[in-house]
Structures are given as structure tokens and as C-alpha cells.
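Data first, discussion second: the structure below is written as C-alpha cells.
The values are calculated or read from the model by the stated rules, or taken from the named source; none is laboratory data. If you're wondering where the values come from, they're calculated on a predicted model, not measured in any experiment. So basically every Cβ, Gly included, is an ideal-geometry build from the backbone, and we count neighbours across all protein chains shown. The protein model used for the area step is the full one, side chains on, heavy atoms only, and it has no ligands, DNA or RNA in it. Shrake-Rupley method; radii C 1.70, N 1.55, O 1.52, S 1.80 Å.
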Amino acid sequence: MIKPYQIIGIGITFVFSSWAASIAMANEAELKIALSLADVLRASRTEIANQQARINDPDIGDKGLSADVISSNIIKALAANGKADPTAADPSTLEGRLLIAQLEAIREIINENQMLINSKDIGFKGFVPAVFTQLVNERFGEKVGTEAELKVTAPVHLVRNRKARPDKWERSVIEDRFSAADWPTGKLFAENTADSGGDAFRVMVPEYYGQACLSCHGAEKGEMDITGYPKEGGALGDLGGSISITLYQQ
Ligand code: HEC
């Protein structure tokens, strides 16, 4: 009498633990993909930050910042940080497809802005890292929107671009987790979610203001920055935003 019960018991335990393990393994693979996309996003944004002086130089016409130059700088920067070359990713995998789409989006946005970048006699052009990243993320969404989404969002009171406003889930991660006094700086948050867009694996990576951010997002609060937005009055190390990565379950 007892034996069958034990077998069923063991069976249930086994099924449950293997199910839990497979979910955990699936998430590990998805987390790796999400973080690869975040790495490329950050490397490309840093590249545009590094090129600001050149982009805004009114004395040069052709800046030599073609899609080839920019993407090869991004790949070099990734390599210098021990990250894989996204162009070497296997296009038959989800990770490969997404990374290739992301790099294509970067190249297209650089190509489409050549006239602006190369215009002479204009100093500041407004082609700042955040604007570039927003455009790239939108283009990426046009390419792979049913599979994945990339976004840079921020605490509600800091949002500049309406398109960057956090959705309900992002907002709760920012307010209930990243803003908690005991949340370790830099710690990401990942979760399986179900919403109108379908089941998804979602990751948020918090971002903090560094010195370079404060010329636009720092003091004095309300004073115009060079881009024409009022400064937020942020301080060094404040939570400034979050990279948000969504991978939809297929
Ligand atoms: C030259 C000024 C400037 C600097 C420097 C700057 N930003 Fe921004 N930031 C902007 C602008 C302009 C936007 C809005 C972009 C858009 O219209 O999509 C923005 C948007 C953002 C957003 C997206 C949410 C939103 O409000 O639209 C975050 C997050 C952000 N910045 C964080 C940072 C961080 C972190 C740094 C430093 C690493 C930084 N910024 C440096 C001008 C700047």
C-alpha cells in the first residue's frame, strides 16, 4: 500500500524539481542574452559619448564617423572589456539574431545621421548618447519587436522623453527595488512576467549618474542643459535610470 504512494511521491518531486531546474536553466541562457544586448547598448552609447567633441566640432565637415568606423570602435571596446564580438554571433541562435539586429540598428542610425554629423558651422548637434540610444532601441524594436525589446527608462520624476516612461512593471522595479535603501548598488533584477505583450523574461539593470552625466542631469535643478531640457538636480551616484530588456517567450 505504501509503495505506490512513495513512487507517486518521488515522481512528483522529480517532476517538480526537474521543471524548476529547467526554468532556472532557461533563465540562465536568457539572462546571458539580455546582458549581451545591454553590453552592446552601453558600448555603443559610450562610443557616441567619446565622439561628442568631434561630432560637435564646427570646423570639420566630414567627421569620418561612418557606420563601419563606429561599429568597429564598438567591437574593439567590447573586446577590451572581455566581451564577445556581436558580429561573430551565430545567426541561427536567438542571441545571434538579436545581436545582429542590434548592430544593424546602430549602423542604420549612424548612416541616417551622416548629414547632421558632417554638417559644418554647426557646433552642438543634439546627437547625444541618450538620443542615439533611443533611436537605436526603437529601430531594434522594429526589427525584432515580437522577440525582444530594449529600452532605457528612468524613475518617473526624471523622465525626459515620453517614450522612455517606465511601464507598470519597470516602475515597480525602480520604485520598490532599486530605490530601496538596502538594494545593493548595481544589482540587476530579472523576472518571468505575463502581460499584454505575452509571457516574457524581463531584466532591469540600474544606472547611476557619473560625473559626466551631471552637466545635463545635475544641478542647478530647473536650469537648462545644453540640449534644452531642464536639469534634474541629480547628484553623483544617484539612480538615474535603468536599461530594460524584454525577451518574449516564443
Ligand atoms: C549632453 C547632455 C546629457 C548628458 C551628458 C547625459 N544625458 Fe541623459 N539624457 C539627455 C537627453 C537630452 C535625454 C533625452 C533623450 C531623448 O530625447 O530621447 C536623456 C535621457 C536619459 C535617460 C533616458 C530617460 C529619459 O529621461 O528620456 C537616462 C536614463 C539618462 N539620460 C541617463 C544619463 C546618464 C546615466 C548619463 C551619464 C552617463 C547621462 N544621461 C548623460 C542628455 C544628457
Query raised in the report: Of all the accessible heavy-atom surface of the chain, with the other protein chains kept in place and a 1.4 Å probe, what percent is carbon and sulfur?
Result: 58
Requested in this report: Round to the nearest 10 and give me the degree value, 0 to 90, for the angle of helix 67-80's Cα axis relative to the longest principal axis of the chain.
Outcome: 50
Query raised in the report: Which value in nm describes the separation of the simple spin-label points at Asp182 and Asn81, placed 7 Å from the Cα toward the beta carbon?
Result: 3.1
Requested in this report: On a C-alpha basis, how far is the centre of the range 214-229 from the centre of the range 84-125 in Å? Whole number, if you could?
Outcome: 28
Report task. Run down the lysines and flag those whose C-alpha is under 16 Å from the C-alpha of Lys221, throwing out any fewer than 8 positions away in its chain. Result -> Lys231
Report summary line: Expressed as a percent, the portion of alpha-carbon pairs in the chain spaced more than 25 Å apart is 50
Report task. Could you give the size of the charge dipole of the chain about its Cα centre, using +1 on the Cβ of each K and R and -1 on the Cβ of each D and E, expressed in debye and rounded to the nearest 20? Result -> 200
Report task. Please give the per residue accessible area of the range 124-220, computed with a probe of 1.4 Å over protein heavy atoms only, in Å². Result -> 52
Report task. Towards the positive end of the charge dipole of the chain, with charges on Cβ (+1 Lys, Arg; -1 Asp, Glu), say which of Val159, Val203, Ala84 has the farthest Cα. Result -> Val203
Query - Helix 2-50 axis, angle to the chain major axis (alpha carbon atoms, nearest 10°) - result: 10
Query raised in the report: Roughly what angle does helix 94-112 make with the longest principal axis of the chain, taking Cα atoms, 0 to 90 degrees, to the nearest 10?
Result: 10
**Report entry** Descending principal axes extents, the range 147-250, alpha-carbon based, whole Å
**Finding:** 45, 30, 19
